[in-house]
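Working notes for the structure below.
The values are calculated or read from the model by the stated rules, or taken from the named source; none is laboratory data. These numbers come from a predicted model, not from an experiment. Every residue, glycine among them, receives a Cβ derived from its backbone with ideal geometry; neighbour counts consider all protein chains shown. We work out accessible area using only protein heavy atoms, side chains counted, and drop any ligands, DNA or RNA first. Shrake-Rupley method; radii C 1.70, N 1.55, O 1.52, S 1.80 Å.
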Amino acid sequence: MPTVDRLRRYVLESFLFTTDESALDNDDSFLDKGIIDSTGILELVTFLEQEFGIQIADEELLPENLDSIDRLVNFIHRKQS
Amino acid sequence: MVAELTPRGPDGTGYYSAAGIGLGHARLSIIDLEGGGQPIHNEDRTVWTVFNGEIFNYVELRRDLERRGHRFYTHSDTEVIVHLYDEYGDDFPGRMNGQFAIALWDTRRRRLLLVRDRPGILPLYFSRQDNRLLFASEVKGLLPAMSNRPELNFAALDQLMTFWAPTSPASLFSGVEEVSPAEMVIVEAGQVRRRRYWEWDFATDRDYLTGSTESLAEELSELLLDATRLRLRADVPVGAYLSGGLDSSGIAALVRHLGHPDLHTFSIGFEDPGLDEREHQVRISKYLDTRHASVLCRHGDIAAIFPQVIRRTEAPILRTAPAPMAILSALVRRHDYKVVLTGEGADEVFGGYDLFKEAKIRQFWARQPESMRRPMLLRRLYPYLDLNQRGGQAYLKRFFGQGLDQPDSPGFSHLPRWITTGKTREFLSSDLRASLPNDPVEGLIATLPESFGTWHPFNRAQYLEAKTLMAGYLLNSQGDRMLMANSVEGRFPFLDHRVIEFANRLHPRHKMRVLNEKYLLKRALAKYLPAETIARFKQPYRAPDIAAFFGSGASPPDYVTECLSVRSLHETGYFDPQRVQHLLRKIEHGRVIGFKDNMAFLAVLSTQLWHRIFIDRQDIPVGQITTSDASNSYS
């Protein structure tokens, strides 16, 4: 499954508790939309590390890297390349 | 009606009926064991009362009333109520130092008064039914006499899923209201009026208490000693809870200082070392030379008794924390005690919670919103949050920066908590959400007193905490209901109204010095406690939540599966079945579960249980508790 779809399914099911694809646009900000809270960010990081086999450093915990599906896709591709 | 209240009063019942009135009482006998049965009347039987609670200053009140010519026929504290009413009319509650839910019937004026203590320690509800008014300490006492089947009060559930409790006077049952804390409800000539007789009022720059820290600490120490002394009045033994923290240790130390012999202390422990405080409990018990008993609460115990807990709370709960408190009160009862002192209230009255620190830091930060350093102070607050240990500064800033552009808004201190808790409402069904009248936060703000805006931001936060979480949840669902589940009375010296009034006149710098919480209280208790207890990092009381039901890969109890099934969720219609199923799958997959998920799971489960117990009137079997006591004597 393409990265973007894996990420979308995870965020939809784990944070929005739905399979309704229209509930999330790829450029929706997780923070502005209240999708992820202070413990949710840990869930997200744990998922990314396990699912994509990457290690995320503390200084990479930035909204620029993690705050939307689009940003996550770019971040993961950068980490994997 | 009275039979439903048996756990609150297992020692006897009493009734009075006359044209237009019926009073019933279930008694937990503590003062004047032989002669204190209720209802109780005045000299000429024109004023009658039933009440739950204690009037701690009844000795002094009686002396004064006898001097004024009143004659008493019992030795109970109850009797002062009818004479106080005769002497002082509707101003009588202000004379009493105590915790009480009172019904008083004046046969001459044919009026009923329902009165509740100042902080809201004892519950009291009523319901208007055509031309009748029913009242009882718990809603379950009203249900047998209500003409209509009760329904869930959607607005109250919406409030609970924001503030952890409904906003007074709402209850979870449509058509049932509570008597608010510090309120008198007057029922007369077919009319129902509410009258407040006391308020959490705070000083301002003009009238803060003056004096050195030493003199204020000394004054507080004397006040706490007296509040504790009054709360030792009983014709049965009085024990104490010991959590291992400052507040309960302080109360136990004051009891010892007052010369109370052979103090018995009680505490609870957990399997999870992150929640367990037994080491500290034993240490302070040895220091204070108390007879100590503790009980270990295992994860499965919480799940086993959870339906019974909801039957007692009569309201959904967002954490399991009340359940271990029921296990603790059962321990007290097994040791033949029915009265305990606790440290409840100190965090609200003297500013102990992290929320107060968080609000202070956010205020400091709001003055320079672009500062990168100011929000970093938040990292000192939540050392148990992995996020802080991992860094994530940008996120910390975003989560706690909510409302930063409005530092003077009334709800500033509580906004992050209310927003986080309010996320649970996303699980409500679309039908229920569509029927909700208004935003709970706006509704609460509209009820704040006029003087609220003149108070220091720290005091505003204290007020909100006392009015929402403390009165509605801590004293009720986690307090009175869990104590009374096993016929145990809790007494709370920190909630003596003189202590509250003293604290409310302190400048906030005496409560929190930089980020050192309960500063003056620590100074006042320093001479009674070991330095390590005074200096110990504050550990919030918590219990396992989702882990209590799904721990160690075990299957949850049948009632969990049943209550959360798509069929059950459709039947009640309160929650979105699809969202709940996704949450369950997330739990079963063992993914990291955050605050929001824990609260949402418990909100759904407890509301579904509430419906089964109170609307469908189903019995849910209580599971086996595997708790084991450990009693130790260090004397």
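Assorted remarks:
- Summed over the residues of the range A:3-80 and divided among them, the accessible surface reaches 43 Å² per residue at a probe radius of 1.4 Å.
- Looking at the range B:520-604, the trypsin sites (Lys or Arg not before Pro) that sit in a DSSP loop and have at most 12 other Cβ atoms within 10 Å of their own Cβ are B:Lys527.
- Distance histogram for the range B:81-225 (every C-alpha pair counted, 10 angstrom bins, percent rounded to whole numbers): 10, 32, 30, 18, 9, 2, 0
- Normalised by residue count, the range B:3-196 yields a Cα convex hull volume of 118 Å³ per residue.
- Helix A:69-80 and the longest principal axis of the C-alpha atoms of chain A enclose an angle of approximately 20°.
- Dipole of the range B:115-271 computed with +1 at Lys/Arg Cβ and -1 at Asp/Glu Cβ about the Cα centre; of B:Ala234, B:Val176, B:Ser248, farthest Cα towards the positive end is B:Val176.
- Rounded to 5, percent antiparallel among DSSP beta bridges of the protein assembly as shown: 80 percent
- Taking the charge dipole of the range B:3-196 about its Cα centre, with +1 at Lys and Arg Cβ atoms and -1 at Asp and Glu Cβ atoms, the residue from B:Phe154, B:Pro119, B:Asn97 reaching farthest to the positive side is B:Phe154.
- Structural descriptor for chain B: relative contact order 18 percent, calculated from alpha carbon pairs under 8 angstrom and at least 6 residues apart.
- Exposure of B:Trp48 as accessible area (Å², to 10), given a probe of 1.4 Å and all protein chains: 30 Å²
- Residues in the range B:568-605 occluded by at least 40 Å² - accessible area, probe radius 1.4 Å, against chain by itself: B:Gln578, B:Arg579, B:His582, B:Lys586, B:Arg591, B:Val592, B:Lys596
- Accessible surface buried once B binds A (1.4 Å probe; total of both sides; Å²): 2500 Å²
- Surface share of carbon and sulfur [accessible, 1.4 angstrom probe, percent] for the range A:3-80: 40 percent
- Efficiency of FRET between A:Asp58 and B:Asp44 - r from beta-carbon atoms, R0 56 angstrom, step 0.05: 0.15
- Taking 0.36 nm per residue of sequence separation and removing the Cα-Cα distance, the B:Glu562/B:Arg542 pair yields an extension gain of 4.5 nm.
- Its Cα centre serving as origin, the range A:3-80 has a Cβ charge dipole (Lys and Arg +1, Asp and Glu -1) of approximately 240 debye.
- In the protein assembly as shown, taking the dipole from charged Cβ atoms about the Cα centre, the farthest positive-side position among B:Pro410, B:Trp455, B:Phe550 is held by B:Trp455.
- Helix-derived mean residue ellipticity, 222 nm - over the protein assembly as shown, DSSP H n ≥ 4, -39500 (n - 2.57), to 500: -11000 deg cm²/dmol
- Computed with a 1.4 Å probe on the full set of protein chains, the accessible area for B:Phe550 sits at about 30 Å².
- Where N is the number of residues in the protein assembly as shown, Cα Rg divided by 2.2 N^0.38 Å: 0.98
- Label separation (B:Gln578 vs B:Arg195): 5.5 nm, computed from points 7 Å beyond Cα along the C-beta direction.
- Between B:Glu370 and B:Ala526, residue separation times 0.36 nm minus the direct Cα-Cα distance comes to 52.2 nm.
- Chain B - percent of accessible surface contributed by carbon and sulfur, probe 1.4 Å: 48 percent
- Length released on extending from B:Ser430 to B:Arg68, taking residue separation times 0.36 nm less the Cα-Cα span: 124.1 nm
- Residues along the range A:20-43 losing 50 Å² or more of accessible surface when the other protein chains are present rather than the chain by itself (probe 1.4 Å): A:Leu31, A:Asp37, A:Ser38, A:Thr39, A:Ile41, A:Leu42, A:Glu43
- Cα-based Rg / Dmax (Å) for the range B:184-342: 20.0, 59
- Neighbours of B:Phe51, meaning other residues whose beta-carbon lies under 14 angstrom from its beta-carbon, give a summed charge of -3 when Lys and Arg score +1 and Asp and Glu score -1.
- Virtual spin-label span in nm between B:Arg585 and B:Asp130, 7 Å along Cα→Cβ: 5.2 nm
- Total charge dipole magnitude, chain B, about the Cα centre, Cβ charges on Lys, Arg, Asp, Glu only, Debye to nearest 20: 1280 debye
- Dimensionless Rg ratio for the range B:458-516, taking C-alpha atoms and the 2.2 N^0.38 Å reference: 1.34
- Mean separation of Cα contacts under 8 Å (6+ apart) over length of the range B:3-196, as relative contact order %: 16 percent
- Using the Cβ-Cβ distance between B:Ser174 and B:Arg109 with R0 set to 30 Å, the FRET efficiency works out to roughly 0.45.
- Per residue, the accessible area of the range B:3-196 comes to 37 Å² when a 1.4 Å probe rolls over the protein heavy atoms.
- Here the range B:155-247 is assigned +1 on the Cβ of each Lys and Arg and -1 on the Cβ of each Asp and Glu. Its dipole about the Cα centre then comes out at about 400 debye.
- B:Val187, B:Val514, reordered so the largest accessible area comes first (probe 1.4 Å): B:Val514, B:Val187
- Counted charge near B:Asp496, where neighbours are those whose Cβ lies closer than 15 Å (Asp, Glu -1; Lys, Arg +1): -2
- Chain B: translational diffusion in µm²/s, Stokes-Einstein, Kirkwood Rh over Cα pairs, 10 °C, 1.306 mPa s: 62 µm²/s
- Cβ-Cβ distance of B:Lys286 and A:Glu49, R₀ of 56 Å, FRET efficiency by 1/(1 + (r/R0)^6): the value works out to about 0.80.
- A crude spin-label estimate for the pair B:Leu515 and B:His75, with each label 7 Å from Cα along the Cβ direction, gives 5.4 nm.
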